[in-house]
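So the structure is just underneath, and the comments pick up after that.
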Amino acid sequence: MQTLIRLKIERFIEQDQEYFVATSDDLQGLVAEGKTVQEAIEIAEDVAKVLLELEKENNHNFH
């Protein structure tokens, strides 16, 4: 099963270092930072998998 999650990716520059931060309104707690947009997306995918798994476990415990 695949879950589609919209990401918002923002570009930041601090001390001449560029980086990108991905967040999502679709999945609370998702924050991923990478040196490139692609890296931020890949990390966000991993974070999303963990958050979705935790959400599934928590929902299972309430039933």
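The values are calculated or read from the model by the stated rules, or taken from the named source; none is laboratory data. Predicted model, so just to flag it, every value in this text is computed and none were measured. Cβ sites come from the backbone with ideal geometry, for glycine too, and all protein chains shown count toward neighbours.
Summary of computed values
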| quantity | calculated |
| --- | --- |
| Meets criteria (at pLDDT 95 or above and either out of contact with any strand residue (DSSP E or B) (no Cβ under 9 Å at 6 or more places or on another chain) or β-branched (Val, Ile, Thr) (or both)) for ILE43 | yes |
| All positions within region 7-32 that are of a type in the set (Asp, Glu) and surrounded by 10 or more Cβ atoms within 10 Å (Cβ to Cβ) | GLU10, GLU18, ASP25, ASP26 |
| The listed residue being in contact with a Phe, Trp or Tyr (Cβ under 9 Å, 6 or more places away or on another chain), small (Gly, Ala, Ser), in contact (Cβ under 8 Å) with a residue 24 or more places away in the chain and surrounded by 10 or more Cβ atoms within 10 Å (Cβ to Cβ), out of ALA48, ALA40, ALA44 | ALA40 |
